[in-house]
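The values are calculated or read from the model by the stated rules, or taken from the named source; none is laboratory data. Owing to the predicted nature of the structure, the values given are computational and were not obtained by experimental measurement. Positions of Cβ are generated from backbone atoms using ideal geometry, with glycine treated the same way; all protein chains shown enter the neighbour counts. Heads up: the accessible areas ignore ligands, DNA and RNA and are worked out on the full protein's heavy atoms, side chains in. Shrake-Rupley method; radii C 1.70, N 1.55, O 1.52, S 1.80 Å.
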There are 2 protein chains.
Amino acid sequence: MQLETQEKVRRRRRSGSKPQRSSAPGQNPHLYVPYITRKIPPYDLLGDEGLSQIEAACDRILSDIGMEFRDDPEAVDLFRKAGADVTPVAQNAWNLRFEPGMVRDLLKTAPARFTQLARNPEKSVEIGGDATVFAPSYGSPFVMDLDQGRRYGTIQDFENFVKLAQSSPWLHHSGGTICEPTDIPVNKRHLDMVYAHMRYSDRPFLGSITAPERAADSIEMCRVLFGESVVDQNCVIMGNFNTTSPLVLDGVTTKGIREYAAAGQGSIHLPFLLGGAVSPLTMAGACAQSLAESMVSCALTQLVRPGAPAILAAFLSSMSLRSGSPTFGTPEPALGSLVMGQLARRLDMPLRCAGSFSTSKLPDAQAMQQSMMSMMSAIQSGGHYILHSAGFLDGLLSMSYEKFVMDTDMCGALHAYLNGFEVNQDSLGVEALAQNGPGEHLFGTDHTLRHYETAYWDSGLNDDQPFETWDEQGGIDAASRSNQRWKATLQTYEAPPLDIATDEALKDFMARKKASMTDMWY
Amino acid sequence: MQLETQEKVRRRRRSGSKPQRSSAPGQNPHLYVPYITRKIPPYDLLGDEGLSQIEAACDRILSDIGMEFRDDPEAVDLFRKAGADVTPVAQNAWNLRFEPGMVRDLLKTAPARFTQLARNPEKSVEIGGDATVFAPSYGSPFVMDLDQGRRYGTIQDFENFVKLAQSSPWLHHSGGTICEPTDIPVNKRHLDMVYAHMRYSDRPFLGSITAPERAADSIEMCRVLFGESVVDQNCVIMGNFNTTSPLVLDGVTTKGIREYAAAGQGSIHLPFLLGGAVSPLTMAGACAQSLAESMVSCALTQLVRPGAPAILAAFLSSMSLRSGSPTFGTPEPALGSLVMGQLARRLDMPLRCAGSFSTSKLPDAQAMQQSMMSMMSAIQSGGHYILHSAGFLDGLLSMSYEKFVMDTDMCGALHAYLNGFEVNQDSLGVEALAQNGPGEHLFGTDHTLRHYETAYWDSGLNDDQPFETWDEQGGIDAASRSNQRWKATLQTYEAPPLDIATDEALKDFMARKKASMTDMWY
């Protein structure tokens, strides 16, 4: 059977009537896109009644318990003027309560969908609606690979991951703090990270949020890269902000959010909810709280600059109640992500949700079982911006080189999944069955020859060969293949072209900024 | 944070007000069930129009191309009398065509849902409706484990897998030919396999289908185990039959189907469709063909004995068009499985669909990434009987001991997933947030303490510990943990009690049957 296929396919290809396909596996060029336009519906888990109950609980949280704002009287003032009930609770801390519906009203000016420009216009992405964008994992202090094990991340690692991301057709966005470059002072590393995204990728990226002035630096570097007027009129960078759950927004966060919003730039508003620790364990409660916190955080952007792009976000996690350790890639948060997708659609806002989550410490079977459950929920939820799409291991403590390769390949499979299920006379293929009739193979039918190049996802990593072939070739596992792959990718990586004057201007900006500050290491 | 949890939880538990939980991981006793009753809706991929187009294509296949029957004039006669258009095409081969709607009409007597009795009445399963049943993988000639690699399966391996399945709370059915016991003659091994299911499991199981007389033996052994009247009035065994795609039903298959149906026993009707080889590559066409073949095969049961339990089935696979090798756990068949679920619901019949598919040759990251994609489609499709839920590796050529352990744990996670998302005042947990207010952990809230034992899936295999703890404990991967696990499980396995007289009668039946035949090895 196998020989027959190859032979027939070769024969037909030699005849010259078909376009040539690269002989390397995993090309799938028909699936290459700057971002995915989904062709399948999201998975609606709950009916309207359940969703309305969650929204009512969200309203109760905001009206009866409120959110605490800290160290940012300006943000508090903005909400007070918009109608929030403000009560001081400590020095530089205020409890804000919101009448049911008030926050939802504030969000009416937030765009349901927006474009984030890339320096390469062909790689600009759409966020919201039927668009899906994959970005690398974010925020790990450690990196790991099979050769050196786990260690603190460096700027070299950071640049490596930017290069690996840029080299994969299955990511669309360069992400942000892919790993912490711990060899650079804390108050300067944002410059190196933003520069690495600008220099080694030509895709959109995230900027710094760890201090308002670092957010400002990130945006200023974009003005150098894109030009001032482009930045004024477009979203070219986003900040990824965390609430301090439960129900707190600290001043560093709100000042950063205001910085991005004032510049018309994008922002992501993420409650990181470890169930039982900082949210109710029950998913309905976690979803209500996540919605409440993210909505208030998003609303701040609209108070600063109506129409500023803002992304609702959810990171639902479970917890091992015996050890207190967070658990990732588990079934309950997967269901919660589906519900967050429904809630975001009712709010008509873009959603960041889930990712390739895992608690495994190795790029092993556990890692991909958990990641797949979590990533399926991300795309089935209708999530729009999927941060943590690649590299996530060790409960987000480590970026794994090998897992990065595995995850990007999985992201490719998800391109095929989201490409949907076409029903028409051609795809129904009755004439293909009729051509040879019962009992006869379809290898050589016109239908097969017409579709064979695009019908199926062709993994660039998984080994689909017969056992004997695989065994003769060394019999190695997916982790070892991934180890070979990332090294080969880095060796052949070529940076996308960047105007020399722009590059010099960026370097000059960084040098001046670095010279103006003493190093800080915490 | 972690210490605080443990301490608070312990303190509360010492106070004695809460039920005690086993300290061993992965117990999740609240999820133990003889079969799953799903609490989440299936994932509806297509709208009515797309589904109607597929059904129309199915009708065209059956009316314009037809199915070929071989070597079973009695089956052909049954269909002729029911109105099929029969044309001889060769010696002992007939082409049967069916007016649109005819096969669908024949299926109206097939039950939408039925019970398969287990010898332990507490383990009887429901098949159809909102019930989901997981069974081990089926039909591999090889077995593999980390210690010995790949080798031909033996009856010892077969018994081991029956014991491992019986030991897992996350499977519901003992399956059938879990692996081929190649050390037993081909014409006798069905006796040993059926006996192993009866002796080492107390769950429902599948019987032989490789020859009509072996099917009869399987049913006869059930009469010994359950008693004649029980077998006459209940489904106590099922046969798992394959069509010969494309569009052929051979005589061994149809005679076996008639054997099971005549005895009122269950049967599964599976087209094994390798896209591009024995079906169109395009999923719409594969679904139309799968529906056509399975419907005709199912209809035979109703011609033999109206009301006999029959399960519609689909095994959709992709193919590497470069090598001709089948590929498993890929995105297109996952979408196809969702559509097959919709088609089965419109037909109001139980569905067997998908499983833990993989082409990996090791229990590695590839294995579980592919398995998870495939199993998610199985349960999201609304599939009722999920054969191949555990152990599948190497494109079904090998049953893996380690993968079996991984898959059963994943099946546990899917119990939690199918347990759904509860929305009520308790699960919304607003009072849990209100109890301590913004900025305060929820570890010690009444809500957390009330729910912590059942809120989250607690894997018995995955390592969710901090890196340091995991490292100190040897830093092993999921495959090594699984290797330890299956050995420990076999060591502590205890066979469920079986009446001695029944056991003797079964052994006597087998001895007589074996003595009556010379060994056949092919």
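Remarks
- Between the stretch A:207-232 and the stretch A:121-188, the alpha-carbon center distance in angstrom: 19 Å
- Positive contributions from Lys and Arg (+1) and negative ones from Asp and Glu (-1), summed over other residues with Cβ under 12 Å from the Cβ of B:Y32, come out at 0.
- Estimated distance in nm for a label pair at B:T87 and B:A505, the labels positioned 7 Å out from Cα along Cα-to-Cβ: 5.2 nm
- Beta bridges per DSSP, both residues in chain A: antiparallel share near 50 percent.
- Bridge type composition, the protein assembly as shown - antiparallel percent by DSSP, nearest 5: 50 percent
- Between A:R113 and A:E472, the modelled labels are 5.0 nm apart [label points 7 Å from Cα along Cα→Cβ].
- Inter-chain shielding of A:331-341 (mean C-beta neighbours from other protein chains, 10 Å cut-off): 4
- Shielding value for A:435-448 is 6, the average number of Cβ atoms from other chains within 10 Å of each residue's Cβ.
- Rounded to the nearest 20 debye, dipole of the protein assembly as shown from Cβ charges on Lys, Arg, Asp, Glu: 40 debye
- Label-point separation in nm, A:Y32 to A:N424, each point 7 Å along Cα→Cβ: 2.3 nm
- For B:S318, neighbours were defined as the other residues whose beta-carbon sits under 12 Å from its Cβ, and their charges (Lys and Arg +1, Asp and Glu -1) total -3.
- Span from the the stretch B:349-397 Cα centroid across to the the stretch A:46-72 one, whole angstrom: 39 Å
- Heavy atoms of B:D71 accessible to a 1.4 Å probe, total area in Å² rounded to 10: 80 Å²
- In chain A, the longest principal axis of the Cα atoms and the axis of helix A:2-14 are about 90 degrees apart.
- Relative to the longest principal axis of the Cα atoms of chain A, the long axis of helix A:478-492 lies at roughly 80 degrees.
- Computed from the Cβ-Cβ distance with R0 of 41 Å, the FRET efficiency linking A:D232 to A:K39 stands at 0.70.
- Spatial separation of Cα centroids for the stretch A:323-345 and the stretch A:407-426, in angstrom: 23 Å
- Sorted shortest first, the distances from the A:P73 label point to those of the same residue in the other copies are 10.2 nm; each point sits 7 Å from Cα along Cα-to-Cβ.
- Label-point spacing at A:I500 relative to the other copies reads 9.6 nm, in ascending order, each point sitting 7 Å out from Cα along Cα→Cβ.
- Taking the charge dipole of the stretch B:183-339 about its Cα centre, with +1 at Lys and Arg Cβ atoms and -1 at Asp and Glu Cβ atoms, the residue from B:F241, B:I311, B:C287 reaching farthest to the positive side is B:C287.
- Other copies of B:W521: label-to-label distances in nm, shortest first, labels 7 Å along the beta-carbon direction: 7.3
- Chain A: angle of helix A:365-380 to the longest principal axis, Cα-based, in degrees nearest 10: 70 degrees
- Shape class of the stretch A:77-209 from the alpha-carbon gyration tensor: oblate, with a/c at 1.5 or above and b/c at least as large as a/b.
- In chain A, the beta carbon lying closest to the axis that superposes A onto B belongs to the residue given here with its whole-angstrom distance, A:M372, 2.
- Charge tally around B:T492: other residues with Cβ under 13 Å, Lys/Arg +1 each, Asp/Glu -1 each, net +2.
- Split chain B at each of the GluC sites (Glu not before Pro) in a DSSP loop with at most 14 other beta carbon atoms within 10 Å, and the longest piece is B:1-421.
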